[in-house]
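The structure appears below as structure tokens.
The values are calculated or read from the model by the stated rules, or taken from the named source; none is laboratory data. All figures in this text were calculated on a predicted structure; none of them were measured in a lab. In this analysis, Cβ positions are derived from the backbone assuming ideal geometry, glycine residues included, and neighbour counts consider all displayed protein chains. The area values use the complete protein model at the heavy-atom level, side chains included, leaving out ligands, DNA and RNA. Shrake-Rupley method; radii C 1.70, N 1.55, O 1.52, S 1.80 Å.
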Amino acid sequence: MLVKEIGEFGLIERFRKAIKTDSSVIRGPGDDCAVLAFDKSRYQLFTCDMIVEGIDFTLQDDPFLVGRKALAIQVSDIAACAGIPRHCLVSLAMPGNISIGFIDRLFKGMQHIAKKYNINIAGGDISRAKQLTIDVSMLGIVEKNNLVLRNGARIGDIIFVSGPLGGSIFGKHLNFTPPLKEARFLVKNFKVNAMIDISDGLAQDLGHILKQSSVGAVIYEDLIPLNKEARNLADALYMGEDFELLFTVSCNEAKKILKRKSRNFHPIGEVTDRSLGLRLIDKRGREKIITPKGFRHF
């Protein structure tokens, strides 16, 4: 059997079943961050991601923006669990013929995000490879009462996104603002039941919440906000790289959110019974089942 035959998430599930952890791991594989024991009032968040030349960026892109993205996607993961980023390690694998000027500008992009969000770049590693690969591991902190995971969605919850979706691969994915302020605002003012950041597309990432929470959902085409770069609804559903928050709250909390005009949160649907799956109501009022698919490496 080949990796491409079981796919990215099949491989992840294979690893997840084999992983054994002790009591210091509060939440292991399956969320935006691992959640680790820390102190009486807080958890530690731990996340990692790599970006690879030819898949996540090209050498024709501004290296400052590439370096910026490498750290920003980690901040977005921390935000999805409502935490605060604190420390990171950066590993670079690259061919020897890449210019020092390129790498210097790449690192300046990393430093830009680190300074903006008070993150300590505490070390890392360097290796040789045929193509440039950047791997970042990041630690954060979250108050126990503020932690939000993917598994808390409840039937009747209203589904929100924190901004417009689709078309991000045409530019925004290299220069997005991690939704850290939005996440912290939400948990300090409302009871958020489930949350994820949209990296692989609305349909797929909503599917993660539905699977973890054992529920279904209905979303409405008319309510899904589109980026100006989005060519159509499919870009919002499946393209990914938006790095907006996708979250659910009760009806009462939804009313409170909508009364607050200080943040631009968009209600797009409702959590339903698991048996109904994920459904879309289009602009003509027609209903169809959506497959929770999006970007996958395999």
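Surface composition of region 183-298: carbon and sulfur atoms hold 48% of the protein heavy-atom accessible area at a 1.4 Å probe.
Go through 162-175, 180-193 and give me the packing order, highest mean Cβ count within 10 Å leading.
Those peptides, ordered most packed to least, come out 162-175, 180-193.
Anything over 24 Å Cα to Cα? Flag those among 69/228; 144/261; 69/181; 172/259, in the order listed.
144/261; 172/259
Rg of the Cα atoms in region 110-178, relative to 2.2 N^0.38 Å, amounts to 1.58.
Which value in deg cm²/dmol, rounded to the nearest 500, describes the helix-derived mean residue ellipticity at 222 nm for the chain, given -39,500 (n - 2.57) per DSSP H run of n ≥ 4 and division by the residue count?
That calculation yields -9000 deg cm²/dmol at 222 nm.
Reducing region 1-65 and region 90-133 to their Cα centroids gives an inter-centroid distance of 20 Å. Matching the structure-derived mean projected area of the Cα convex hull in nm² against the labelled list [x] 16.7; [y] 17.6; [z] 24.8 gives the label [x].
At a probe radius of 1.4 angstrom, the accessible area of the chain per residue rounds to 50 square angstrom.
The solvent-accessible area of residue 43, taken with every protein chain present and a 1.4 Å probe, is close to 40 Å².
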